Amino acid sequence: MTPLDAAGVLRANWREGVRRDGTRFAFTCPAPRRYKHQWYWDSCFHAVAWSRVDPARAREELRTLVRAGRSDGFVPHTAFWQASPRWRRAPLYATARVLGDAATSSIQTPLLAVAWERAAAEDRTFIAEGLAPLAAHARWLARERDPDGDGLITIMLPDESGLDDSPKYDAVYGRLAHWRPGHARLVQRCRRARWSARTYVAGCDEHVEDVLVNVAHALSLRALFRMSGDVEWAERASRVETALLERCWDPRRGLFFDLAGRHERRVEVSTWSSLAPLALGDALPRDVRERLAEEHLLNPRRYGARFGVPSVSMEEPSFRPGFDAFRTWRGAAWTCTAWLLAGGLRALGAADEADRLAHNALDAIARSGLREYYHPRTGAGHGEHRFGMSALALDLPRGFDPAGPGV
Ligand code: GLC
């Protein structure tokens, strides 16, 4: 796989046109066969990759994502620009009505401001264009998705983190888990609550203050601060970072854990989300980040695999690194995982380790092409082919920088 092939996949997956109501769209579909719509965090990763080869498309993709949202700052998990979900899948989509909506009413890991800042690197006027919608989005998340006001945002559905079937959700959601038939009932509950997190958590205990989601939230707030210079965003970011440290950090295990339900039970399953705070860079104490890196990420018994970063610790009983037609994020390695965590290592001064990690992930892509995910021990590719998120390969050598792209 050469960088050129990654650009070729992005180009082949590019979709543009005008929706029936006259709204223009331009985005990269995650995979032409199975994922035809626009997904929030995929678009953020696509934009990072596009920034390397065609920055104008990065900007168009992010504009389209904002256009899929509402003026109050809500931005959806999935937008259906070209076709509505088919009747068989429609009951499972997190839409307000079962049929006919243009987007879901759910969210996905909020990396929009991070991607926006990156896409603005070549065109600073893009920053000014983004400030109002990005600020509205950040305020919406804090207002609508932090029902207990502790600074950490809450997800109602497991796929709101992007880690749909992660074993960390098994005990929290039980029969309502994303990969189980009861999931349709969970979506139905959210519809009944009219997608208000406040209403939902008052009646249902299946919800999570998710580490990865809050890391992304904090990173986006920091990006918003750098782009606007407005200290409000730095203060908000530090509130999220402090909450993560005070409430999710487990000094005994040296990992961050999600908090589930109204009693905020720690979900003690080691997944890559437990390591994601490494990407916060200097915002977290150095010794905490060193423990994440040394005891876990680089440990060959846990996450130190030959081909990328496993999505679940290899020591967990639930670790399943191979293909599963119905369940994802249960052990296989995704490219976004290596991209984010290599950046965290670099910020720690571990440049060699970061390069090795990036190369390992690139090796899997060289062996198997742009697949949805990879076996972390063999590099075999699984899931969808021509998967846009894996075009992050274009950016892996430079990688994510917690301090921002230096706009
Ligand atoms: C799968 C992944 C999710 C991704 C989506 C589109 O559902 O679990 O993270 O956003 O596919 O690629």
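Computed from the coordinates by the stated procedures, all read-outs in this text should not be read as laboratory data. Because the structure is predicted, anything quoted here is derived from the model rather than measured. All Cβ positions, even for glycine, are placed from backbone atoms using ideal geometry, and neighbour counts span all protein chains on display.
Here are a few things to note about the model shown:
- Here is the list for segment 99-181: trypsin sites (Lys or Arg not before Pro) lying in DSSP coil, each with at most 14 other C-beta atoms within 10 angstrom of its C-beta, are R124.
- Neighbour net charge for D164 - beta-carbon separation under 15 angstrom, K R +1, D E -1: -4
- Rg ratio (alpha-carbon, reference 2.2 N^0.38 Å) - the chain: 0.89
- For segment 307-407, chymotrypsin sites (Phe, Trp or Tyr not before Pro) are listed when DSSP marks them as loop and at most 13 other Cβ atoms sit within 10 Å of their Cβ; the list is F326.
- In segment 235-335, the trypsin sites (Lys or Arg not before Pro) that fall in loop regions by DSSP, at most 14 other Cβ within 10 Å: R252, R262, R301, R306
- Of the residues P321, P32, P110, the one that moves most in a GNM of the chain with alpha-carbon contacts below 10 Å is P32.
- Highest average packing first - 146-154, 203-211, Cβ atoms within 10 Å: 203-211, 146-154
- In this Cβ point-charge picture (+1 for Lys and Arg, -1 for Asp and Glu), segment 3-394 has a dipole of about 1460 debye about its Cα centre.
- With coordinates expressed along the principal axes, the C-alpha atoms belonging to segment 132-290 extend over 45, 39, 23 Å, beginning with the largest.
- Whole-Å distance, taken between Cα centres, linking segment 29-84 and segment 370-401: 18 Å
- Relative contact order [Cα under 8 Å, 6+ residues apart], the chain, whole percent: 17 percent
- Helix-derived mean residue ellipticity, 222 nm - over the chain, DSSP H n ≥ 4, -39500 (n - 2.57), to 500: -11500 deg cm²/dmol
- Within segment 236-301, the proportion of Cα pairs with more than 17 Å between them is 38 percent.
- For segment 235-373: relative contact order, % (alpha-carbon pairs under 8 angstrom, 6 or more apart): 19 percent
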